[in-house]
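This report concerns only the one structure given below.
The values are calculated or read from the model by the stated rules, or taken from the named source; none is laboratory data. These figures come from a predicted structure and were not determined experimentally. Quick reminder, even Gly has a Cβ in these numbers, built from the backbone with ideal geometry, and neighbours come from all protein chains shown.
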Amino acid sequence: MIRATGLTKDFGSRRAIENLTFEAKQGEVVGFLGPNGAGKTTTMRILTGYMPPTYGTAQVAGFDVISESLEVRRRVGYLPETVPLYPEMTVYEYLKFMADLRHLPNGDDMVDAALDLVQMEKRADGYISNLSKGMRQRVGLAQALLHRPEVLILDEPTIGLDPAQVVEFRNTVRDVGKERTVLLSTHILSEAQQLCDRVLIINKGCIVAEDTPENLQSRLVGAEQVVLRVKGEADDLLPIIAKIDGVQNAKLQPNGTLEFQFAPGADIRPAVARATIKAGYDLLEFHPVGLSLEEIFLQLTQDNARKER
């Protein structure tokens with residue numbers, strides 16, 4: 001469980017984050033989404049006890065990050081953007097070293113369990129210097145999970161991974177997130193959409209939206225967007241669809257599909273389907289589409305920028 005209230009951090013005259021208030025619950029993967037420099041890493045460093053906030057409070061697993069910093073660190077697993085590894089060590093030696101630093105009981109058993117969780121058992125005796133970027137990320141995740149933390153904080157965890165490694169890493173995080181609180185920062189919008197139960201969108205140090213990806217879509221889209229694809233050319237179908245009462249912004253896309261909008265609560269898709277078939281077209285595809293997270297992010301940040309002017 002993470003709960004932050006009014007978190008603010010100043011670096012001299014520059015304010016990195018301002019009045020951040022949010023929470024992440026157990027069994028929830030929360031995405032901390034924003035462009036580079038938005039304040040994601042600063043917030044995570046505060047939550048892990050690396051630095052204090054200028055103002056505000058935060059509790060992690062029920063402990064205050066300032067007055068109970070050691071208790072917080074015992075309960076947090078942290079994977080920074082640059083994983084601090086020792087290349088001259090084997091994977092097992094490194095994890096055993098980290099277990100000893102934490103004074104973990106049954107350190108050997110806990111190392112074995114962490115290796116199993118990230119599927120690195122077969123690489124335990126390999127030197128870290130010989131590992132790929134993706135394998136090093138797994139070792140870093142194993143280190144973060146070694147002490148079975150209640151809260152897992154991951155800062156840009158898939159940067160530099162190839163597509164196959166990204167898929168494997170996401171699957172591991174999903175499994176971990178079933179039992180723990182996971183806060184994951186990223187500026188890769190599709191990653192947050194695929195991996196997170198809820199997203200916090202941060203821009204210029206401020207949270208501009210907080211919800212599930214699906215709810216953000218329904219909140220921000222002003223009309224239902226529909227895609228229509230028929231067999232053959234659809235040029236002659238466009239004016240027919242455009243004349244139907246309730247259809248808005250009908251247009252033919254370069255890929256041959258028709259797209260149009262209609263106001264929520266006034267579903268005119270049955271009328272469109274009937275008109276399409278009556279006009280002699282074979283209907284191949286007909287479905288609604290929502291805003292992508294990329295479009296949501298751009299809309300929110302642009303609206304925020306306009307308010308500042």
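Condition check for R170 on (1) over 28 Å from N19 (Cβ atoms); (2) of a type outside the set (A, V, I, L, M); (3) at pLDDT 85 or above; (4) touching an Asp or Glu at 6+ places or on another chain (Cβ under 8 Å): one failure, at (3).
Restricting attention to segment 22-61 and to residues that are of a type in the set (V, I, T) and either assigned to a loop (DSSP other than H, G, I, E, B) or within 21 Å of P213 (Cβ to Cβ) (or both), the residue that is farthest from the chain's Cα centre (by Cα) turns out to be T54. Out of the helices (runs of 4 or more DSSP H) lying entirely within segment 72-173, which hold 3 or more residues that are in contact with a Pro (Cβ under 9 Å, 6 or more places away or on another chain)? Filter on segment 72-173 gives 133-145. Of the listed requirements (1) in contact with a strand residue (DSSP E or B) (Cβ under 8 Å, 6 or more places away or on another chain); (2) without any contact (Cβ under 8 Å) to a residue 24 or more places away in the chain; (3) more than 22 Å from V182 (Cβ to Cβ), E71 misses just one: (3).
Yes/no per residue for (1) more than 24 Å from E28 (Cβ to Cβ); (2) within 19 Å of the chain's Cα centre (by Cα):
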{"position": "L79", "(1), (2)": "no, yes"}
{"position": "A113", "(1), (2)": "no, no"}
{"position": "G140", "(1), (2)": "no, yes"}
{"position": "L146", "(1), (2)": "no, no"}
{"position": "V151", "(1), (2)": "no, yes"}
{"position": "L154", "(1), (2)": "no, yes"}
{"position": "G160", "(1), (2)": "yes, yes"}
{"position": "G177", "(1), (2)": "no, yes"}
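Does I128 qualify as being free of Cβ contacts under 8 Å to residues at least 60 places away in the same chain and surrounded by fewer than 19 Cβ atoms within 10 Å (Cβ to Cβ)? No, not satisfied.
How many residues are closer than 23 Å to T186 by Cβ, surrounded by 17 or more Cβ atoms within 10 Å (Cβ to Cβ) and aromatic (F, W, Y) when one looks only at segment 40-69? Of the residues in that region, 0 qualify. Filtered by the rule that a residue be out of contact with any Gly (no Cβ under 9 Å at 6 or more places or on another chain), of a type outside the set (S, T, N, Q) and farther than 16 Å from V151 by Cβ, segment 38-69 gives M51, P52. The sole residue among L183, L238 that is closer than 30 Å to I46 by Cβ and modelled with pLDDT of 90 or more is L183.
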